[in-house]
């Protein structure tokens with residue numbers, strides 16, 4: 001599976017603003033990073049969100065063994081700091097790659113004196129000074145085993161990939177699944193023991209897919225202490241939960257319109273009365289291309305029994321998209337937004353990783369998600 005928030009694909013946010021004028025709600029902060037050993041030409045960059053969720057960045061120069069940055073945050077929030085050489089130009093935010101970087105660290109931006117004690121790099125630095133940063137340090141200590149494991153894993157994965165050792169790659173993928181589950185279990189234990197912390201709320205917002213796991217999120221959100229739920233951040237998150245339609249099994253499949261390979265507008269609801277497999281994929285996604293073989297087999301078996309497949313490509317290149325459709329000999333309807341940020345379908349269905357699919361019944365209700373290989377065939381055997 002290709003995850004947009006995983007090591008294989010890093011979600012890159014271009015910085016549109018240098019600093020942001022903001023309404024002061026939570027008061028001012030002072031961020032002090034003590035770093036005795038660093039290049040004097042280095043700068044500290046702080047990435048955070050403004051009141052309207054725009055991505056902002058501020059910076060500070062190195063002086064007397066410290067970086068000191070003062071400002072205001074529109075609301076308490078998880079933020080990222082990076083130390084980069086001053087001549088590297090406009091910085092970019094690899095928010096989901098922090099586990100693999102030495103020059104980046106998460107902090108919790110809130111009113112007060114935020115302290116970061118580092119040596120040569122930000123990795124392994126200690127946070128203190130405000131309640132949420134004390135809590136965040138406890139969280140980071142609890143999952144440090146995962147980051148330490150990643151160091152060796154990346155080296156072993158690189159060697160296996162270079163040598164095309166498929167057996168070792170499969171073994172490493174299984175190991176990765178086990179470690180991610182262990183990390184999630186550790187994080188859940190942290191959450192359960194810090195229900196009065198804004199860090200727990202922020203972890204909840206970052207960890208689960210609000211579109212695909214809404215009921216799970218609501219259950220966990222309601223466990224948080226009232227002070228957290230009623231905080232500005234808690235109320236912002238509650239408004240988000242209230243505004244988002246869920247695509248969990250049993251809910252109606254959101255309708256959308258997209259162009260097919262011939263440039264025609266196709267509406268999902270036009271397939272009512274049939275079982276529809278809505279399949280999200282892309283030409284550049286190896287697991288998707290391999291899964292196409294399985295979907296094609298199932299399609300050929302059930303196509304005469306009111307079963308259709310609708311492919312939705314996340315490609316941005318029309319040429320690559322159409323080439324993959326032809327090369328894989330995919331006979332069903334193919335749609336795409338061609339990478340446009342305004343494309344509805346991936347957002348409506350909370351697609352953060354591919355391949356991903358939804359099985360929709362003739363009444364337009366979602367009856368299964370992410371069926372692979374024989375799972376899809378067995379599910380269709382049940383419904384027909």
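When only residues in region 59-76 that are surrounded by 18 or more Cβ atoms within 10 Å (Cβ to Cβ) and either touching a helix residue (DSSP H, G or I) at 6+ places or on another chain (Cβ under 7 Å) or farther than 20 Å from residue 130 by Cα (or both) count, which is modelled with the lowest pLDDT?
Here the answer is 75.
Within region 186-217, how many residues turn out to be within 28 Å of residue 250 (Cβ to Cβ), at pLDDT 95 or above and over 18 Å from the mean Cα position of the chain (by Cα)?
The number of residues fulfilling the criteria is 2.
How do the strands (runs of 3 or more DSSP E) wholly within region 299-384 filter down when requiring 1 or more residues that are more than 22 Å from residue 260 (Cα to Cα) and modelled with pLDDT under 95: which remain?
In region 299-384, the matching strands (runs of 3 or more DSSP E) lie at 366-369.
Among the residues of region 246-277, count how many are touching a residue at least 12 places away in the same chain (Cβ under 8 Å) and part of a helix (DSSP H, G or I).
Qualifying residue count, region 246-277: 3.
If a residue has to be closer than 16 Å to residue 357 by Cβ, surrounded by 16 or more Cβ atoms within 10 Å (Cβ to Cβ) and within 28 Å of the chain's Cα centre (by Cα) to count, how many in region 249-295 make the cut?
Result for region 249-295: 19.
Consider region 112-138. How many of its residues are over 19 Å from residue 102 (Cβ atoms) and buried (at least 22 other Cβ atoms within 10 Å of the Cβ)?
Result for region 112-138: 3.
Go through the residues of region 43-56 one by one and say whether even a single one is closer than 29 Å to residue 204 by Cα, at pLDDT below 85, in contact with a helix residue (DSSP H, G or I) (Cβ under 6 Å, 6 or more places away or on another chain) and in a loop (DSSP other than H, G, I, E, B).
Taking every residue of region 43-56 in turn, none turns out to be closer than 29 Å to residue 204 by Cα, at pLDDT below 85, in contact with a helix residue (DSSP H, G or I) (Cβ under 6 Å, 6 or more places away or on another chain) and in a loop (DSSP other than H, G, I, E, B).
Considering only region 233-248, state which residues are farther than 15 Å from residue 364 by Cα and either surrounded by 14 or more Cβ atoms within 10 Å (Cβ to Cβ) or in contact with a helix residue (DSSP H, G or I) (Cβ under 9 Å, 6 or more places away or on another chain) (or both).
233, 234, 235, 236, 237, 238, 240, 241, 244
Would you call residue 211 assigned to a helix (DSSP H, G or I), surrounded by 15 or more Cβ atoms within 10 Å (Cβ to Cβ) and touching a residue at least 40 places away in the same chain (Cβ under 8 Å)?
no
Quick one: would you say residue 157 is crowded, with 17+ Cβ neighbours inside 10 Å and without any contact (Cβ under 8 Å) to a residue 60 or more places away in the chain?
So residue 157 passes the test.
The values are calculated or read from the model by the stated rules, or taken from the named source; none is laboratory data. Predicted, not measured: the structure shown is a model, and the values here were computed from it. Neighbour counts run over all protein chains shown; Cβ positions are idealised from the backbone, glycine included.
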